[in-house]
1. Check Asp364 against each of (1) surrounded by fewer than 19 Cβ atoms within 10 Å (Cβ to Cβ); (2) modelled with pLDDT of 90 or more; (3) of a type in the set (D, E, K, R); (4) part of a helix (DSSP H, G or I) and name the one condition it does not meet.
2. Is there any pair linking a residue in the range 449-467 that is without any contact (Cβ under 8 Å) to a residue 24 or more places away in the chain to one that is β-branched (Val, Ile, Thr), with Cβ under 6 Å and at least six apart or on different chains, and which?
3. Gln400 is checked against (1) at pLDDT 85 or above; (2) exposed (fewer than 14 other Cβ atoms within 10 Å of the Cβ); (3) touching a Pro at 6+ places or on another chain (Cβ under 9 Å); (4) more than 20 Å from Val332 (Cα to Cα) and fails just one. What number does that condition carry?
4. Within 27 Å of Ile137 (Cα to Cα) and either out of contact with any strand residue (DSSP E or B) (no Cβ under 9 Å at 6 or more places or on another chain) or of a type in the set (Lys, Arg) (or both): is that true of Asp189 in this structure?
5. For the range 306-316, does any single residue satisfy the condition of being part of a strand (DSSP E or B) and in contact with a helix residue (DSSP H, G or I) (Cβ under 8 Å, 6 or more places away or on another chain)?
6. Specify the residue that is farthest from Leu261 (Cα to Cα); the eligible residues are those in the range 366-380 that are polar (S, T, N, Q) and out of contact with any Asp or Glu (no Cβ under 7 Å at 6 or more places or on another chain).
7. Given (1) assigned to a helix (DSSP H, G or I); (2) touching a residue at least 12 places away in the same chain (Cβ under 8 Å); (3) surrounded by fewer than 19 Cβ atoms within 10 Å (Cβ to Cβ); (4) not assigned by TED's automatic domain parsing to the domain that holds Ser192, where does Trp273 come up short, assuming only one miss?
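The values are calculated or read from the model by the stated rules, or taken from the named source; none is laboratory data. Being a predicted model, the structure only gives us computed values, none of them experimental. When we count neighbours, we look across all protein chains shown, and the Cβ atoms used for this are built from the backbone with ideal geometry, even at glycine.
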Amino acid sequence: MVLSPRLEISQKQKLMMNPQMRQAIELLQLTNVQLADMLKREMEQNPFLAFDAAHFREAGHGDAPRAVTVDGKNAAGLSDKIEAVRVDFAAPDHSGEGGDVSAMLENRAADTGGLSSHILQQIGEEMTDRDMAALAIELTGWLDDDGYLRESDAEICQTIGVAADLLQATLTRLQSFSPAGVFARNLGDCLSLQLRASGDWTPRHQALLDNLDILGRGDMASLTSAMGIESDALPPYLQAIRALDPRPAAGFDTPDTTLALPDVIVLAGDSGWQAYLNEDSLPSVLVLERDWEEMAQRKITDEERNFMKTNVQSARWLKKATQQRAATLLRVSRAIVAHQQGFFSGGMAALLPMGLRDIAEEIDMHESTVSRSVAGKLVQTAEGQFSLKDLFSGAIGGKQSGSQQGGANVKAVSAQAVKARLAALVAGEDAAQVLSDDALVTLLAGEGIVLARRTVAKYRKALKIPSSAQRRRAAKIARMAG
């Protein structure tokens, strides 16, 4: 068979993010303070954009945060704007005209210097499957400051409402992105991903990473035994591990000198707890239309006119996007507060099971939009500040409406509520009769919370509560010292 070069034309579907979709996604994920900083940078480049001083005070100025009222002029005006502005943050662009998209994404990532921008750029360039790309964008908002995805697969699947096979396939792709080690689930996973990316991974390297606890104890004999090598062959492996970066997102860190101002305020009202936007930190922008009209009447070059026209259009769109961001955050916050009324009265022990899908279905919004809306946002309550994301938790111990199991009434509770109850039980235990994990299982079951012993042990460890043997030993030492 003779092989010869030839040209072929093929057609394929590819997910593309246009500049406005890209910027809309970024705006939604920003906190109010971060949004204000971003708008300041835009104003330095755009002569037709300015802050609306009547509705915004810079962070750090003024007294206590002021809430945007639900029934007052601010909310009414905002509602009118919501109907006039319908920027769909979740809708992908399938125009196919993506010639300059890659360059635009590169520039945006360079401007912000953030890990999210860097990851979103790679998603737009490399992921063609829409479902996978949407999930990838959402998971980007779950990364911690080190670049790790700490939540378990089960927790992610339950909270987002995504199939396990799609999650695994998406994570496999995301873990191939730069910086190497991003989206790792733990330290060993992070270092293994970096070794694979550099081509230095071997089964013995993996054996070392699987036994980092032994390395931490300094038990080199056990470590070399697990790796199947002699002790004199260990140093090169240790040097390779030390050369890796346990914090792959560190290079994207930016100094945070702003105050941790809440984005949402929850106050008690006649009909229960109500959510409001924090007026003090919520930026509102103006488009200087009169300046544009005056400049447009002047005799200027085509290049100058195009520059001004581009900037005024950009300012108009940015104003609409910030209005829609505020409207979206308010809708999501109201739904969360309505669902978690008990939490604001009774604390974490009263937190109900709630996933992104619950809120998305209630307000007819895409789950990824809800996820991006709560990312990084703080809520001010009577008990202090909390992350909006912390108010989401999977159901444990039964269905939402409760169920019967072994003759006992099993009620559905959130993982956070279980942890709070577990901590309370341990805190109230008799030092002479320390509660074992089995005893905790029995006590929780008596309250309608049916858990396996291993689940109780996992939550106890997550709360950094020592085992019953360690607590018993500590109590004995305390009695001896007393």
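1. All conditions pass for Asp364, except number (4).
2. Going by the 6 Å Cβ cut-off, the qualifying pairs are Arg453/Val441.
3. All conditions pass for Gln400, except number (1).
4. No: the conditions fail for Asp189.
5. Going residue by residue through the range 306-316, those that are part of a strand (DSSP E or B) are none.
Among the residues of the range 306-316, not one is part of a strand (DSSP E or B) and in contact with a helix residue (DSSP H, G or I) (Cβ under 8 Å, 6 or more places away or on another chain), which makes the answer no.
6. Thr369
7. (1)
Okay, residues lined up against (1) touching a helix residue (DSSP H, G or I) at 6+ places or on another chain (Cβ under 6 Å); (2) under 23 Å from Ser373 (Cβ atoms); (3) charged (D, E, K, R):
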position: Thr128; (1), (2), (3): no, no, no
position: Ala134; (1), (2), (3): yes, yes, no
position: Leu143; (1), (2), (3): no, yes, no
position: Asp146; (1), (2), (3): no, no, yes
position: Leu149; (1), (2), (3): no, yes, no
